[in-house]
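Here the structure is laid out as structure tokens; the discussion comes afterwards.
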Amino acid sequence: MKYVDSFTHALMGTVDWTWKSILLDVPWYTNYFWGLIVISLIVWGLEIVFPWRKDQPIIRKDFWLDGFYMFFNFFIFSIAISGIYNMLTVFFADLGITSKSLALIDISNWPMWIQLLVFFIVLDFVQWFTHVLLHKYSFLWNFHKVHHSVKQMGFAAHLRYHWMENILYKPLKTFGVMILGGFEPEQAYIVHFIAITIGHLNHANVKITWGPLKYLFNNPVMHLYHHAYHLPEGKYGVNYGISLSVWDYIFKTNYIPEDSGKIEIGFEGDEHFPQDFIGQNTYGFKKDQTQSD
């Protein structure tokens, strides 16, 4: 009964918070619903005013599908899975495994700006590492193909991904939080909004390289080659960076041969990949039909 109660409490709590966010009944700086919309409109505006690929339409291929993915993954799926994660938290607590069990350092007494910086760096590395796994192993790649099935890049492609990726990302991100003392900094929303903005920009039809900062921050030119149809021989992926590019330069997975933006994106066999939401989200559970691994 305790597990059922924890499931129900978390599920209804997430529903309530999401509804209050829609109604602007939460602090503006933690309102991810409208925050996501505002960031999306700003980045879309940049695409319209400063298009990198000028022949790409404003309402590009799969624009509305990607828009649906954006809200599905950020809100609908988060509501659906919140109860399960909370139930598992209670289960592990009963086994004596808590958020502080694996703590390597305790950053709670550090200055807030250092807490946020360390939190940002650790979570970004965890996501970079997870991203490598999604490309390296066929089982995971079959789910990640949803993200790489984009044929015209735009900001909303940022959150076009299979819900199974959350199943992998969430525990590993939680592990990252645990090694930092088991908590998120009070102002973690700053990190989350920065990550959303960088992710939107990385997928946008704008040409940004950040100058010398390109060795630190990911950018649209670098990330477009992550989606390249033709990869360097022997590579199963390049430019895995999420917010930071530094991991790719450290581990030699960086690759930017030119910056015209005219390359073909996708993967071998993507012409056989489902075009609809249901088909894309059931594909990974079936035998691979694209023969691209």
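Read-outs throughout are calculated quantities, based only on the coordinates presented, and are distinct from any laboratory measurement. Note that the coordinates shown come from a computational prediction; the quantities given were computed from them, not determined experimentally. Backbone-built Cβ (ideal geometry, glycine too); neighbour counts: all protein chains shown.
Quick one: angle between helix 138-148 and the longest Cα principal axis of the chain, in degrees between 0 and 90, rounded to 10, please. Value to nearest ten degrees: 70.
With respect to the chain, whose longest principal axis is taken over its alpha-carbon atoms, helix 32-49 is tilted by about 10°. Restricting the calculation to Cα atoms, the range 229-293 shows an Rg/Rh of 1.04 when the hydrodynamic-style radius is the Kirkwood one.
Suppose we flag GluC sites (Glu not before Pro) only when DSSP calls them loop and at most 13 other Cβ atoms lie within 10 Å. Which is the longest uninterrupted stretch of the chain?
Numbers: sites that count: Glu186, Glu233, Glu258, Glu264, Glu268.
It works out to 1-185.
Summing Cβ point charges (Lys, Arg +1; Asp, Glu -1) relative to the Cα centre of the chain gives a dipole of roughly 160 debye. The C-alpha atoms of the range 159-283 occupy a region whose extents along the principal axes are 44, 41, 28 Å, arranged from largest to smallest. When you filter the chymotrypsin sites (Phe, Trp or Tyr not before Pro) in the range 107-193 for DSSP loop state and at most 13 other Cβ atoms inside 10 Å of their Cβ, you are left with Tyr137. As a proxy for reagent exposure, Val15, Val246, Val4 were ordered by neighbouring Cβ count within 10 angstrom, fewest first; the result is Val4, Val15, Val246.
For the chain, the longest principal axis of the C-alpha atoms and the axis of helix 188-203 are separated by about 20°. The Cβ shell under 12 Å around Phe72 holds other residues with a net charge of 0, Lys and Arg each +1, Asp and Glu each -1. Going by the alpha-carbon gyration tensor, a ≥ b ≥ c the square roots of its eigenvalues, is the range 106-212 rounded (a/c under 1.5) or, if a/c is not under 1.5, prolate (a/b greater than b/c) versus oblate? In terms of gyration-tensor shape, oblate. Start at zero, step by 5 Å, and the Cα-Cα distances of the range 1-99 spread as 3, 11, 14, 16, 14, 12, 10, 7, 5, 4, 2, 0 percent across the bins.
Our summary of shape: the Cα atoms of the range 2-279 have principal axis extents of 55, 39, 36 Å, ordered from largest down, in whole angstrom. Within the straight-line cut-off of under 16 Å between alpha carbons, the aspartates and glutamates reachable from Lys262 are Glu47, Asp55, sequence neighbours fewer than 8 places apart in one chain being disregarded. Among the listed pairs Lys2/Lys286; Lys151/Lys286; Lys20/Lys207, give every one whose C-alpha distance is greater than 25 Å. Flagged as over cut-off: Lys2/Lys286; Lys20/Lys207.
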